Amino acid sequence: MMSTKVYEKRRAAVARALKAAGGGVALLPTAPELPRNRDSDFPYRHDSYFYYLTGFTEPGSWLVIEASGKTTLFCRPKDLEREIWDGIRLGPKAAPAALGVDAAFSVEALAGNMPALLTNQKAVWFPFATHKGLETQVDGWLNSVRARARMGAECPQSQHDLCSVLDEMRLTKDAHEIAILRQAGKISAAAHVRAMKTSAAMLRQPIKGGAREYHLEAELLHEFRRHGSQFPAYTSIVAAGANACILHYRADTAELKPGELCLIDAGCELDGYASDITRTFPADGKFTPAQRTLYDIVLEAQYAAVKVTRPGKRFNDPHDAATRVLAQGMLDTGLLDKKKHGKVDDVLASGAYRQFYMHRTSHWMGMDVHDCGDYTEPGSKPREEKDMLGQLVMKKPSRILRPGMVLTIEPGIYVRPARGVPKEFWNIGIRIEDDALVTKDGCELMTRGVPVDGDEIEALMRG
Ligand code: GLY
Ligand code: MN
Ligand code: MN
């Protein structure tokens, strides 16, 4: 049986937060099952917040945490008929021992029990934006409590977003989470190695119909799954040639051609935790000089960002460091005309680099690939800054990095054909992405099991 300690500890932290805010009760459902077509559902994926506090992956479950520390679970009842069709259910009787909660009931008793759980509580906490229809449901239960006011039932006077507590907790990963994230990163790195090798092999010995993006996607999925990953953490991007310039492209049917690049952005989810890796490599294993020139600029940008990913630096620092290197590279290669755009500081001020680098360098990563967590420093004061259009806006300073935070570092360059852009770079799209764990004195790249250096990628693909 899995240890429940880590989840008990997290639930206790939530109870303490409620208590510190004056008391109350927190309600948290897991994710609903979603129909795909007719009577088929999408593969079920639990809600990340719910999983964080329970480790429980069955649909139809709710967690209730009271400021006193008492925890109650509602889950699907045992049902022999349904279990024959859909699989074994834990059931409320076994739940306290299996999950470490104080009490458990059938979810069929949820509506009946909820008014009592809400009665005489100072406040009710639930996620505001992530569970459709929840507010209406809570409203209904609160109305039932109000209806009993003359009998002495007191209704919670305030409602709070439970995510404000959980997001802050989830931002700093504990040892249990870090171990899984490292393993997820390792599996995903092996999948990228497999895809690179397959690409080279398929172009060396062409097959009828040609090597296609979906062939490489199949290799990724095979590697994820054979190491126990339950799902991809997001829809895999396998982009041949010019498709790499479409940021949210998916693996489709385009042919991998000699002389062109392939960009793969793919990561597995393992035991509820994501990984997120991008590698860009020559489909046949040999960079052209123009590809290599841009590749090395992106790699240098990534190294510059990695260097400033350490405690005390801010979330925006890796982006600023990467953007500076990219902007300089754009001037050096003629992507941006020096006569028109001036020096690197001018390019950064004008935002001209956005023609070729239009996304941010980082996002938090954890259970969700774009994980929760405030990107600005809590408690800090907004200050005046210029936005993209040069207008003054009030912005809070970005988050100070601390050990245990996990963020991606993913600079790129995407060159669409355009007047004034050297033709040799047209249709080249490059991104390099790794997952960084902020450590005591720097960061650990958890996804470097796949090479990133241009020569090393060529050597791997030759082998
Ligand atoms: N794979 C999604 C991202 O890189 O943000
Ligand atoms: Mn990413
Ligand atoms: Mn990615």
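A short reminder: the numbers here are calculations on the coordinates, not readings from a lab. A quick note: this is a predicted structure, and the numbers were derived from the prediction, not measured. All Cβ positions, glycine included, derive from the backbone under ideal geometry; neighbour counts span all protein chains shown.
A few notes on this one:
- 5 angstrom amide H check on Ala104, placed H, neighbours 5+ away: Leu73
- Listed from fewest to most Cβ neighbours within 10 Å, the set Ser275, Ser380, Ser106 follows the order Ser380, Ser106, Ser275.
- Note on Ala20 and Arg250: the model spin-label points, each 7 Å out from Cα along the C-beta direction, lie 4.2 nm apart.
- Cross-link pairs Lys307/Lys343; Lys19/Lys381; Lys395/Lys423; Lys343/Lys381 - those with Cα-Cα distance over 29 Å: Lys395/Lys423; Lys343/Lys381
- Cα centroid of the range 5-35 to Cα centroid of the range 85-101, whole Å: 19
- Full-stretch length increase - Asp374, Ala218 - with 0.36 nm per residue and alpha-carbon distance subtracted: 52.6 nm
- R0 of 56 Å, Cβ-Cβ distance Asn120-Arg360: FRET efficiency to nearest 0.05: 0.75
- Cα centroid of the range 252-275 to Cα centroid of the range 291-349, whole Å: 24
- Cα long-axis angle, helix 162-171 against the chain (0 to 90 degrees, to the nearest 10): 40
- Translational diffusion of the range 114-216 was estimated from the Stokes-Einstein equation, with Rh taken as the Kirkwood radius over Cα pairs; at 4 °C and 1.567 mPa s the coefficient is 69 µm²/s.
- By the count of neighbouring beta-carbon atoms within 10 Å, fewest first, Arg146, Arg45 end up ordered Arg146, Arg45.
- Once the chain from Glu33 to Glu154 is taken as fully extended at 0.36 nm per residue, the excess over their C-alpha distance is 40.1 nm.
- Gyration tensor verdict on the chain (Cα atoms; rounded if a/c is under 1.5, prolate if a/b is larger than b/c, oblate otherwise): prolate
- Sparse-neighbourhood loop sites, trypsin sites (Lys or Arg not before Pro) in the range 347-433 - DSSP loop, at most 12 other Cβ within 10 angstrom: Arg419
- Sum of side-chain charges, Asp167 neighbourhood, beta-carbon under 11 Å (Lys, Arg +1; Asp, Glu -1): -4
- Computed from backbone phi with θ = phi - 60° and the Karplus coefficients 6.51, -1.76 and 1.60, the 3J(HN,Hα) list for the range 86-91 is 10, x, 5, 10, 5, x Hz; x is used for glycine and proline.
- Residues whose placed amide H lies under 5 Å from that of Cys268, excluding near-sequence neighbours: Ser188, Ala233, Ser275
- For the range 329-345, backbone phi angles converted through the Karplus equation (6.51, -1.76, 1.60; θ = phi - 60°) give residue-by-residue couplings of x, 5, 6, 5, 8, x, 4, 10, 6, 4, 5, 8, 9, x, 9, 4, 5 Hz, Gly and Pro being listed as x.
- Karplus-derived HN-Hα couplings along the range 398-407 (A = 6.51, B = -1.76, C = 1.60, θ = phi - 60°), whole Hz, x at Gly and Pro: 6, 4, 7, 6, 9, x, x, 7, 10, 9
- Cross-link reach is defined here as a Cα-Cα straight distance under 13 Å, omitting same-chain residues fewer than 8 places apart; for Lys70 the aspartates and glutamates meeting it are Glu8, Asp102.
- Label-to-label distance, nm, for residues given as Ala13 and Lys381 (7 Å Cα→Cβ offset): 3.1
- Reachable aspartates and glutamates, given that their alpha-carbon falls under 19 Å from the alpha-carbon of Lys396 and they are not under 8 places away in the same chain: Asp167, Glu168, Asp317, Asp320, Asp374, Glu377, Glu384, Glu385, Asp387
- Counting Lys and Arg as +1 and Asp and Glu as -1 over every other residue whose Cβ lies under 10 Å from the Cβ of Arg383, the net charge comes to +1.
- The residues Thr136, Thr408, Thr130, when put in order of fewest to most other Cβ atoms within 10 Å, stand as Thr136, Thr130, Thr408.
- For the listed peptides 332-338, 264-270, a ranking on the average number of other beta carbons within 10 Å per residue, highest first, reads 264-270, 332-338.
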